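The numbers here are math on the coordinates, done by the rules we state, and not lab data. None of these values were measured; they are calculated from a predicted model. Cβ atoms come from the backbone with ideal geometry, glycine included; neighbour counts cover every protein chain shown.
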Amino acid sequence: MQDVMVPCKKCGNKVPASSLKLDLDEKKMICIDCIKNKGIRKEIQQDIFHMSETHGVSEHTQKSKIFDEREEKATEEPKTSKISHKCTSCGYKFKIDPETKKPRNCPYCNARVLSF
């Protein structure tokens, strides 16, 4: 009896159904080649991670610096108070920024906001 050929959910190559394996990370049935490539990819990432640590700065430290910079920028920006608005056309309730006067149209029915 011949095995049914099915496409791999990751790479799309047609392989025998019996050779597919469940990948818990992807939550898909993938072929053996994709599983092998996944192992190689993990090894490369580990090598790169160790290389960045040997150069004095770990990847974790780099990511935390980027996160801290983003957090600082977010706290520096003044928070604008938004005004509640009810669309006269459909009755949808949403908020409008009085400084930028956006959104200019109702997000639900696209009717023009005339006043707020």
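By how many nm would the segment from T88 to I32 grow when fully extended, if each residue of separation counts as 0.36 nm and the alpha-carbon distance is taken off?
14.3 nm
³J(HN,Hα) across the range 84-91 via Karplus (A = 6.51, B = -1.76, C = 1.60, θ = phi - 60°), whole Hz, x for Gly/Pro?
6, 9, 10, 5, 6, 8, 10, x
Between Q45 and K21, what FRET efficiency comes out of the Förster formula 1/(1 + (r/R0)^6) with R0 = 22 Å and r the beta carbon distance, rounded to 0.05?
For R0 = 22 Å, the calculated efficiency reads 0.60.
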